[in-house]
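See below for the structure under consideration.
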Amino acid sequence: MKVLVIGSGGREHALCWKISQSQNVSKIYCAPGNGGTESIAENIDIKADEIDKLLKFAIENKIDLTVVGPEDPLCGGIVDEFERHNLKIFGPNKKCAQLEGSKDFSKKFMKKYGVPTAKYKSYTDYEEAISELEEFKLPLVIKADGLCAGKGVIICNSKEEAKDTIKEILNDKCFGDEGNKIVIEEFLEGIEASLLCFVTNGKIIPLESAKDYKKIYENDLGPNTGGVGCFSPSPLFTEEVKSKIQKNVIEKILNGFKEEDLDFKGILFIGFMILDGQPKVLEFNVRFGDPETEVVLPRLKSDIVDLFLKTIDGSLEESDLVWDDKSCVTVVLTSAGYPGSYKKGLEINIDSLDSSIILFHNGTKYEDNKLLTNGGRVLSVTRLGETIDIARDNIYKNIEKVKFEGAYYRKDITKDI
Ligand SMILES: Nc1ncnc2c1ncn2[C@@H]1O[C@H](COP(=O)(O)OP(=O)(O)O)[C@@H](O)[C@H]1O
Ligand SMILES: [Mg+2]
(Lines give C-alpha, C1' and ligand atoms only; values in the text may rest on other atoms or scores of the structure.)
(Ligands and ions follow the chains in the order given, each with its own letter.)
Protein backbone atom coordinates (compact mmCIF):
# COMPACT_ATOMS: atom_id res chain seq x y z
CA MET A 1 0.00 0.00 0.00
CA LYS A 2 1.04 3.57 -0.63
CA VAL A 3 0.15 5.93 2.20
CA LEU A 4 0.12 9.74 2.20
CA VAL A 5 0.40 11.56 5.55
CA ILE A 6 -0.56 15.24 5.56
CA GLY A 7 1.18 17.67 7.92
CA SER A 8 4.62 18.64 9.17
CA GLY A 9 4.83 18.29 12.96
CA GLY A 10 5.79 15.80 15.63
CA ARG A 11 2.34 14.26 15.29
CA GLU A 12 2.97 13.51 11.62
CA HIS A 13 6.44 12.12 12.35
CA ALA A 14 4.90 9.80 14.96
CA LEU A 15 2.19 8.80 12.45
CA CYS A 16 4.75 8.04 9.73
CA TRP A 17 6.86 6.11 12.27
CA LYS A 18 3.90 3.96 13.32
CA ILE A 19 2.63 3.51 9.75
CA SER A 20 6.12 2.39 8.67
CA GLN A 21 5.80 -0.57 11.07
CA SER A 22 2.73 -1.85 9.22
CA GLN A 23 3.11 -5.09 7.25
CA ASN A 24 1.12 -3.81 4.30
CA VAL A 25 2.86 -0.52 3.60
CA SER A 26 5.37 -0.31 0.77
CA LYS A 27 5.77 3.47 0.54
CA ILE A 28 4.96 6.53 2.66
CA TYR A 29 4.74 10.10 1.42
CA CYS A 30 4.50 13.07 3.78
CA ALA A 31 3.24 16.48 2.66
CA PRO A 32 5.09 18.65 3.47
CA GLY A 33 6.79 16.63 6.25
CA ASN A 34 9.91 17.62 8.21
CA GLY A 35 13.50 16.52 8.84
CA GLY A 36 12.27 13.53 10.82
CA THR A 37 9.68 12.21 8.37
CA GLU A 38 12.36 12.35 5.66
CA SER A 39 14.06 9.29 7.13
CA ILE A 40 10.98 7.07 6.72
CA ALA A 41 8.85 8.80 4.11
CA GLU A 42 9.33 10.81 0.94
CA ASN A 43 8.61 14.44 1.72
CA ILE A 44 6.42 16.15 -0.87
CA ASP A 45 6.51 19.91 -1.31
CA ILE A 46 2.78 20.55 -0.88
CA LYS A 47 1.36 22.39 2.12
CA ALA A 48 -1.27 20.77 4.34
CA ASP A 49 -4.01 23.21 3.28
CA GLU A 50 -3.43 22.94 -0.49
CA ILE A 51 -6.32 20.51 -0.98
CA ASP A 52 -6.41 20.64 -4.80
CA LYS A 53 -2.71 19.88 -5.10
CA LEU A 54 -2.95 17.07 -2.55
CA LEU A 55 -5.87 15.54 -4.45
CA LYS A 56 -3.95 15.72 -7.75
CA PHE A 57 -0.93 14.11 -6.08
CA ALA A 58 -3.03 11.30 -4.59
CA ILE A 59 -4.70 10.52 -7.92
CA GLU A 60 -1.48 10.64 -9.95
CA ASN A 61 0.47 8.52 -7.48
CA LYS A 62 -2.34 6.04 -6.86
CA ILE A 63 -2.33 6.59 -3.10
CA ASP A 64 -4.22 3.81 -1.30
CA LEU A 65 -4.73 5.64 1.99
CA THR A 66 -4.39 9.28 3.07
CA VAL A 67 -4.08 10.21 6.75
CA VAL A 68 -4.75 13.83 7.69
CA GLY A 69 -2.81 15.29 10.64
CA PRO A 70 -3.88 18.92 11.13
CA GLU A 71 -7.31 20.53 11.44
CA ASP A 72 -7.11 23.06 8.60
CA PRO A 73 -7.57 20.66 5.68
CA LEU A 74 -10.28 18.74 7.60
CA CYS A 75 -12.27 21.92 8.22
CA GLY A 76 -11.60 22.87 4.59
CA GLY A 77 -13.34 19.69 3.40
CA ILE A 78 -10.41 17.55 2.24
CA VAL A 79 -12.22 14.34 3.22
CA ASP A 80 -15.33 15.20 1.19
CA GLU A 81 -13.12 16.08 -1.79
CA PHE A 82 -11.08 12.85 -1.65
CA GLU A 83 -14.18 10.72 -1.14
CA ARG A 84 -15.80 12.31 -4.18
CA HIS A 85 -12.88 10.88 -6.13
CA ASN A 86 -13.20 7.46 -4.46
CA LEU A 87 -9.94 7.87 -2.55
CA LYS A 88 -9.62 6.35 0.92
CA ILE A 89 -8.91 9.01 3.52
CA PHE A 90 -8.79 8.90 7.32
CA GLY A 91 -10.52 11.84 9.01
CA PRO A 92 -13.97 13.38 9.49
CA ASN A 93 -15.87 15.16 6.72
CA LYS A 94 -16.40 18.92 6.67
CA LYS A 95 -19.74 18.82 8.48
CA CYS A 96 -18.26 16.83 11.39
CA ALA A 97 -15.05 18.89 11.43
CA GLN A 98 -17.15 21.87 12.59
CA LEU A 99 -16.89 20.35 16.06
CA GLU A 100 -13.38 21.80 16.03
CA GLY A 101 -13.76 24.51 13.36
CA SER A 102 -16.48 26.38 15.25
CA LYS A 103 -16.53 26.74 19.03
CA ASP A 104 -20.12 27.95 18.77
CA PHE A 105 -21.13 24.82 16.82
CA SER A 106 -19.48 22.51 19.36
CA LYS A 107 -20.91 24.33 22.40
CA LYS A 108 -24.42 24.24 20.86
CA PHE A 109 -23.96 20.52 20.23
CA MET A 110 -22.81 19.89 23.82
CA LYS A 111 -25.66 21.90 25.30
CA LYS A 112 -28.34 20.32 23.09
CA TYR A 113 -27.24 16.75 23.91
CA GLY A 114 -26.39 17.26 27.59
CA VAL A 115 -22.60 16.86 27.42
CA PRO A 116 -21.24 18.51 30.61
CA THR A 117 -19.36 21.70 29.70
CA ALA A 118 -18.87 25.29 30.90
CA LYS A 119 -21.94 27.57 30.74
CA TYR A 120 -21.66 29.88 27.74
CA LYS A 121 -23.25 32.35 25.36
CA SER A 122 -22.28 33.28 21.79
CA TYR A 123 -22.16 36.78 20.31
CA THR A 124 -21.57 38.40 16.94
CA ASP A 125 -22.48 41.91 18.12
CA TYR A 126 -20.02 43.96 20.18
CA GLU A 127 -22.65 46.05 22.01
CA GLU A 128 -24.68 42.99 22.95
CA ALA A 129 -21.62 41.15 24.29
CA ILE A 130 -20.56 44.18 26.37
CA SER A 131 -24.06 44.74 27.74
CA GLU A 132 -24.29 41.14 28.97
CA LEU A 133 -20.80 40.94 30.48
CA GLU A 134 -22.17 41.55 33.97
CA GLU A 135 -23.86 38.14 33.82
CA PHE A 136 -20.45 36.40 33.91
CA LYS A 137 -18.36 35.90 37.04
CA LEU A 138 -14.61 36.52 36.95
CA PRO A 139 -12.40 35.10 35.68
CA LEU A 140 -14.22 34.48 32.41
CA VAL A 141 -13.12 32.91 29.18
CA ILE A 142 -13.49 34.46 25.73
CA LYS A 143 -13.02 32.28 22.67
CA ALA A 144 -12.91 33.26 19.02
CA ASP A 145 -15.30 30.95 17.17
CA GLY A 146 -13.00 29.75 14.39
CA LEU A 147 -9.55 28.19 13.97
CA CYS A 148 -6.85 30.37 15.53
CA ALA A 149 -3.90 27.95 15.79
CA GLY A 150 -4.26 27.73 19.57
CA LYS A 151 -4.24 31.51 20.10
CA GLY A 152 -7.97 32.22 20.10
CA VAL A 153 -8.75 31.64 23.79
CA ILE A 154 -8.27 34.46 26.29
CA ILE A 155 -8.82 34.10 30.03
CA CYS A 156 -9.85 37.49 31.44
CA ASN A 157 -9.36 38.45 35.08
CA SER A 158 -11.16 41.79 34.88
CA LYS A 159 -14.16 43.22 33.06
CA GLU A 160 -11.87 45.83 31.47
CA GLU A 161 -9.69 43.10 30.01
CA ALA A 162 -12.83 41.32 28.78
CA LYS A 163 -14.12 44.49 27.09
CA ASP A 164 -10.77 45.05 25.35
CA THR A 165 -10.68 41.42 24.21
CA ILE A 166 -14.22 41.56 22.81
CA LYS A 167 -13.33 44.74 20.92
CA GLU A 168 -10.12 43.25 19.53
CA ILE A 169 -11.87 40.12 18.26
CA LEU A 170 -15.28 41.40 17.08
CA ASN A 171 -14.45 44.95 15.99
CA ASP A 172 -10.72 45.08 15.23
CA LYS A 173 -10.81 41.56 13.74
CA CYS A 174 -7.50 40.47 15.28
CA PHE A 175 -8.33 36.91 14.15
CA GLY A 176 -9.91 38.01 10.86
CA ASP A 177 -13.14 36.21 9.95
CA GLU A 178 -12.34 33.41 12.42
CA GLY A 179 -13.43 35.93 15.06
CA ASN A 180 -16.75 37.01 13.50
CA LYS A 181 -18.36 35.27 16.44
CA ILE A 182 -17.19 34.76 20.01
CA VAL A 183 -18.10 32.40 22.80
CA ILE A 184 -17.99 33.75 26.36
CA GLU A 185 -17.95 31.03 28.99
CA GLU A 186 -17.50 30.44 32.69
CA PHE A 187 -14.01 29.57 33.94
CA LEU A 188 -13.68 25.96 35.06
CA GLU A 189 -11.33 24.96 37.87
CA GLY A 190 -9.64 21.58 37.81
CA ILE A 191 -6.96 19.57 36.06
CA GLU A 192 -6.91 19.15 32.29
CA ALA A 193 -6.65 15.80 30.58
CA SER A 194 -7.24 14.66 27.05
CA LEU A 195 -8.69 11.55 25.50
CA LEU A 196 -8.24 10.56 21.88
CA CYS A 197 -10.93 8.28 20.46
CA PHE A 198 -11.42 6.41 17.23
CA VAL A 199 -14.93 7.12 15.97
CA THR A 200 -16.82 5.19 13.34
CA ASN A 201 -20.24 3.80 12.61
CA GLY A 202 -21.94 4.69 15.91
CA LYS A 203 -18.90 3.74 18.01
CA ILE A 204 -16.51 5.88 20.06
CA ILE A 205 -13.49 3.82 21.08
CA PRO A 206 -11.06 5.61 23.43
CA LEU A 207 -7.32 5.24 23.00
CA GLU A 208 -5.09 5.23 26.07
CA SER A 209 -5.19 8.54 27.97
CA ALA A 210 -2.52 11.25 28.03
CA LYS A 211 -1.73 14.48 29.83
CA ASP A 212 0.12 17.31 28.16
CA TYR A 213 1.96 20.32 29.57
CA LYS A 214 0.85 23.53 27.90
CA LYS A 215 2.82 26.24 29.71
CA ILE A 216 6.33 27.09 28.60
CA TYR A 217 7.91 27.36 32.06
CA GLU A 218 8.28 24.97 34.96
CA ASN A 219 5.47 24.78 37.54
CA ASP A 220 3.02 25.63 34.76
CA LEU A 221 4.05 29.26 34.54
CA GLY A 222 4.26 31.55 31.53
CA PRO A 223 2.29 31.65 28.31
CA ASN A 224 0.48 28.76 26.61
CA THR A 225 2.26 26.74 23.94
CA GLY A 226 1.24 23.96 21.57
CA GLY A 227 2.41 21.54 24.29
CA VAL A 228 5.95 21.03 25.61
CA GLY A 229 5.72 17.65 27.31
CA CYS A 230 3.31 14.77 27.68
CA PHE A 231 2.86 11.38 29.24
CA SER A 232 0.58 8.38 28.96
CA PRO A 233 -1.38 6.95 30.70
CA SER A 234 -2.83 9.78 32.81
CA PRO A 235 -3.63 8.70 36.39
CA LEU A 236 -6.60 11.09 36.33
CA PHE A 237 -8.53 8.56 34.29
CA THR A 238 -9.47 6.25 37.14
CA GLU A 239 -12.03 3.51 36.49
CA GLU A 240 -14.61 5.76 38.15
CA VAL A 241 -13.81 8.75 35.91
CA LYS A 242 -13.75 6.49 32.85
CA SER A 243 -17.20 5.13 33.57
CA LYS A 244 -18.51 8.68 34.13
CA ILE A 245 -17.02 9.69 30.79
CA GLN A 246 -18.64 6.72 29.09
CA LYS A 247 -22.08 7.47 30.51
CA ASN A 248 -22.15 11.28 30.71
CA VAL A 249 -20.00 12.19 27.72
CA ILE A 250 -19.48 9.43 25.15
CA GLU A 251 -23.05 8.14 25.09
CA LYS A 252 -24.38 11.71 24.86
CA ILE A 253 -22.04 12.49 21.96
CA LEU A 254 -23.10 9.32 20.13
CA ASN A 255 -26.73 10.25 20.56
CA GLY A 256 -25.98 13.73 19.20
CA PHE A 257 -24.18 12.28 16.19
CA LYS A 258 -27.23 10.15 15.40
CA GLU A 259 -29.76 12.94 15.88
CA GLU A 260 -27.74 15.47 13.86
CA ASP A 261 -26.87 12.95 11.15
CA LEU A 262 -23.15 13.42 11.74
CA ASP A 263 -21.35 10.47 10.16
CA PHE A 264 -18.11 11.01 12.07
CA LYS A 265 -15.16 8.86 11.02
CA GLY A 266 -11.70 9.51 12.35
CA ILE A 267 -10.23 10.73 15.59
CA LEU A 268 -12.21 12.75 18.12
CA PHE A 269 -10.01 14.42 20.71
CA ILE A 270 -11.95 15.33 23.84
CA GLY A 271 -10.31 17.96 26.04
CA PHE A 272 -11.49 17.62 29.67
CA MET A 273 -11.32 19.69 32.82
CA ILE A 274 -11.65 17.28 35.75
CA LEU A 275 -12.59 18.54 39.21
CA ASP A 276 -13.19 16.15 42.12
CA GLY A 277 -13.55 13.26 39.67
CA GLN A 278 -16.20 15.10 37.62
CA PRO A 279 -15.26 15.51 33.95
CA LYS A 280 -16.44 18.50 31.93
CA VAL A 281 -15.61 18.97 28.25
CA LEU A 282 -13.50 22.02 27.37
CA GLU A 283 -13.41 21.43 23.65
CA PHE A 284 -13.36 18.94 20.80
CA ASN A 285 -10.64 18.50 18.23
CA VAL A 286 -11.24 16.31 15.22
CA ARG A 287 -7.73 14.90 14.79
CA PHE A 288 -4.78 13.48 16.67
CA GLY A 289 -3.35 15.83 19.31
CA ASP A 290 0.24 16.98 19.33
CA PRO A 291 2.14 16.00 21.58
CA GLU A 292 -0.41 13.34 22.71
CA THR A 293 0.21 11.30 19.56
CA GLU A 294 3.93 11.07 20.36
CA VAL A 295 3.21 9.26 23.66
CA VAL A 296 0.12 7.26 22.69
CA LEU A 297 1.30 5.68 19.42
CA PRO A 298 4.47 4.10 20.92
CA ARG A 299 2.13 2.27 23.33
CA LEU A 300 -0.10 0.94 20.55
CA LYS A 301 0.74 -2.65 19.61
CA SER A 302 -1.87 -2.99 16.84
CA ASP A 303 -1.13 -2.25 13.18
CA ILE A 304 -2.32 1.34 12.83
CA VAL A 305 -3.07 1.05 9.10
CA ASP A 306 -5.47 -1.76 9.93
CA LEU A 307 -7.18 0.54 12.45
CA PHE A 308 -7.42 3.35 9.88
CA LEU A 309 -8.95 1.04 7.25
CA LYS A 310 -11.43 -0.43 9.73
CA THR A 311 -12.44 3.09 10.80
CA ILE A 312 -13.08 3.98 7.18
CA ASP A 313 -15.17 0.85 6.47
CA GLY A 314 -16.95 1.04 9.84
CA SER A 315 -15.87 -2.37 11.19
CA LEU A 316 -13.48 -1.19 13.96
CA GLU A 317 -14.03 -2.84 17.38
CA GLU A 318 -12.50 -2.06 20.75
CA SER A 319 -10.66 -5.41 20.66
CA ASP A 320 -8.74 -4.23 17.57
CA LEU A 321 -6.80 -1.82 19.82
CA VAL A 322 -4.07 -3.68 21.72
CA TRP A 323 -1.93 -1.71 24.15
CA ASP A 324 1.50 -2.03 25.71
CA ASP A 325 1.29 -1.80 29.52
CA LYS A 326 4.42 0.36 29.53
CA SER A 327 4.18 4.10 30.12
CA CYS A 328 5.44 6.68 27.66
CA VAL A 329 6.84 10.17 28.23
CA THR A 330 7.97 12.92 25.87
CA VAL A 331 9.85 16.15 26.61
CA VAL A 332 9.88 18.80 23.88
CA LEU A 333 12.97 20.86 23.05
CA THR A 334 11.91 24.33 21.97
CA SER A 335 13.59 27.31 20.27
CA ALA A 336 14.64 30.24 22.50
CA GLY A 337 11.78 32.77 22.55
CA TYR A 338 8.97 30.28 21.79
CA PRO A 339 5.93 30.71 22.02
CA GLY A 340 6.89 34.28 21.07
CA SER A 341 9.22 34.98 18.15
CA TYR A 342 12.24 32.74 17.64
CA LYS A 343 15.06 32.08 15.18
CA LYS A 344 14.90 29.33 12.58
CA GLY A 345 17.71 27.62 10.67
CA LEU A 346 20.01 26.90 13.65
CA GLU A 347 22.14 23.82 13.27
CA ILE A 348 21.21 20.83 15.43
CA ASN A 349 23.82 18.36 16.67
CA ILE A 350 22.79 15.06 18.17
CA ASP A 351 25.33 12.89 20.02
CA SER A 352 24.50 9.22 20.12
CA LEU A 353 21.32 8.72 22.11
CA ASP A 354 20.46 5.53 24.02
CA SER A 355 18.75 3.13 21.64
CA SER A 356 15.65 3.21 23.84
CA ILE A 357 15.03 6.87 22.96
CA ILE A 358 12.61 7.67 20.15
CA LEU A 359 13.34 11.11 18.74
CA PHE A 360 10.32 12.66 17.02
CA HIS A 361 10.93 15.83 15.01
CA ASN A 362 8.45 18.69 15.44
CA GLY A 363 10.09 21.53 13.54
CA THR A 364 13.25 20.57 11.68
CA LYS A 365 14.49 20.41 8.12
CA TYR A 366 17.54 19.15 6.26
CA GLU A 367 19.54 21.58 4.18
CA ASP A 368 22.87 20.55 2.58
CA ASN A 369 22.84 17.44 4.77
CA LYS A 370 22.64 19.55 7.92
CA LEU A 371 19.72 19.24 10.33
CA LEU A 372 18.33 22.71 11.14
CA THR A 373 15.67 24.07 13.48
CA ASN A 374 12.51 25.05 11.63
CA GLY A 375 9.85 25.79 14.25
CA GLY A 376 9.11 26.78 17.84
CA ARG A 377 8.83 23.19 18.93
CA VAL A 378 11.88 21.42 17.52
CA LEU A 379 12.30 17.85 18.81
CA SER A 380 10.38 15.53 21.14
CA VAL A 381 12.61 13.24 23.16
CA THR A 382 10.40 10.23 23.82
CA ARG A 383 10.75 6.94 25.66
CA LEU A 384 8.69 3.97 26.79
CA GLY A 385 9.38 2.70 30.31
CA GLU A 386 8.17 0.09 32.78
CA THR A 387 7.12 3.12 34.82
CA ILE A 388 6.77 6.82 34.08
CA ASP A 389 9.75 7.53 36.37
CA ILE A 390 12.05 5.19 34.44
CA ALA A 391 11.02 6.74 31.12
CA ARG A 392 11.40 10.29 32.43
CA ASP A 393 14.79 9.76 34.12
CA ASN A 394 16.23 8.25 30.96
CA ILE A 395 14.89 11.08 28.81
CA TYR A 396 16.54 13.68 31.06
CA LYS A 397 19.82 11.73 30.90
CA ASN A 398 19.74 11.88 27.11
CA ILE A 399 18.22 15.26 26.39
CA GLU A 400 21.47 17.21 26.88
CA LYS A 401 22.95 15.26 23.97
CA VAL A 402 20.68 17.15 21.61
CA LYS A 403 22.21 20.56 21.03
CA PHE A 404 21.26 23.74 19.21
CA GLU A 405 21.66 27.39 20.13
CA GLY A 406 19.11 28.41 22.77
CA ALA A 407 17.58 24.92 23.13
CA TYR A 408 15.12 24.99 26.03
CA TYR A 409 13.07 22.33 27.78
CA ARG A 410 11.07 22.01 30.98
CA LYS A 411 12.83 19.99 33.66
CA ASP A 412 9.65 19.12 35.56
CA ILE A 413 7.69 17.00 33.09
CA THR A 414 5.82 14.27 35.07
CA LYS A 415 7.21 15.55 38.41
CA ASP A 416 3.71 16.55 39.55
CA ILE A 417 2.29 13.01 39.54
N1 LIG B 1 -13.88 27.30 30.42
C2 LIG B 1 -12.59 27.23 30.69
N3 LIG B 1 -12.13 27.28 31.95
C4 LIG B 1 -10.82 27.23 32.24
N5 LIG B 1 -9.85 27.18 31.31
C6 LIG B 1 -10.23 27.10 30.01
C7 LIG B 1 -11.61 27.13 29.63
N8 LIG B 1 -11.67 27.05 28.30
C9 LIG B 1 -10.41 26.98 27.86
N10 LIG B 1 -9.52 27.01 28.88
C11 LIG B 1 -8.05 26.95 28.78
O12 LIG B 1 -7.65 27.44 27.51
C13 LIG B 1 -7.03 26.41 26.75
C14 LIG B 1 -7.43 26.52 25.29
O15 LIG B 1 -8.81 26.41 25.17
P16 LIG B 1 -9.49 25.40 24.14
O17 LIG B 1 -10.96 25.48 24.30
O18 LIG B 1 -8.86 24.06 24.32
O19 LIG B 1 -9.15 26.05 22.74
P20 LIG B 1 -7.98 25.87 21.67
O21 LIG B 1 -7.25 24.59 22.00
O22 LIG B 1 -8.72 25.82 20.40
O23 LIG B 1 -7.13 27.08 21.80
C24 LIG B 1 -7.46 25.12 27.41
O25 LIG B 1 -6.54 24.08 27.18
C26 LIG B 1 -7.57 25.52 28.86
O27 LIG B 1 -6.26 25.56 29.45
MG1 LIG C 1 -7.33 22.98 23.18
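The values are calculated or read from the model by the stated rules, or taken from the named source; none is laboratory data. As the structure is a prediction and not an experimental result, all values here were calculated from the model. A quick note on method: Cβ atoms are made from the backbone with ideal geometry, for glycine too, and the neighbour counts reach across all protein chains shown.
In segment 372-384, which residues are crowded, with 21+ Cβ neighbours inside 10 Å and either over 19 Å from the mean Cα position of the chain (by Cα) or not small (Gly, Ala, Ser) (or both)?
Residues satisfying the conditions are Thr373, Asn374, Arg377, Val378, Leu379, Val381, Thr382, Arg383.
Where residues in segment 60-113 are outside any helix (DSSP H, G or I) and charged (D, E, K, R), which of them is farthest from Lys258 (Cα to Cα)?
Taking the candidates together, the pick is Lys62.
Any idea which of (1) surrounded by fewer than 18 Cβ atoms within 10 Å (Cβ to Cβ); (2) farther than 26 Å from Lys108 by Cα is the one Val228 doesn't satisfy?
Against the list (1) surrounded by fewer than 18 Cβ atoms within 10 Å (Cβ to Cβ); (2) farther than 26 Å from Lys108 by Cα, Val228 comes up short only on (1).
Scan segment 305-356 for residues that are surrounded by fewer than 16 Cβ atoms within 10 Å (Cβ to Cβ) and within 30 Å of Val199 (Cβ to Cβ) and jot them down.
Asp306, Asp313, Gly314, Ser315, Glu317, Glu318, Ser319, Asp320, Val322, Trp323, Asp324, Asp325
So which residues in segment 327-340 are part of a loop (DSSP other than H, G, I, E, B) and closer than 17 Å to Lys397 by Cα?
If the condition is that a residue be part of a loop (DSSP other than H, G, I, E, B) and closer than 17 Å to Lys397 by Cα, then no residue fits.
Here is a list of conditions, (1) within 16 Å of ligand 1 (Cβ to nearest atom); (2) over 19 Å from Asp324 (Cβ atoms); (3) touching a Ser or Thr at 6+ places or on another chain (Cβ under 7 Å), and Glu292 meets all of them except one; can you say which number that is?
(2)
Contact list please: Cβ distance under 8 Å, first residue in segment 29-41 and assigned to a helix (DSSP H, G or I), second residue of a type in the set (Gly, Ala, Ser), pairs at least six apart or on different chains.
Partner pairs satisfying both residue conditions: Thr37/Ser8.
Give just the number: which of (1) outside any helix (DSSP H, G or I); (2) within 16 Å of ligand 1 (Cβ to nearest atom) does Glu178 not satisfy?
(1)
Among the numbered criteria (1) at positive phi; (2) modelled with pLDDT of 95 or more; (3) within 16 Å of ligand 1 (Cβ to nearest atom), which one does Asp276 miss?
Here Asp276 clears every test but (2).
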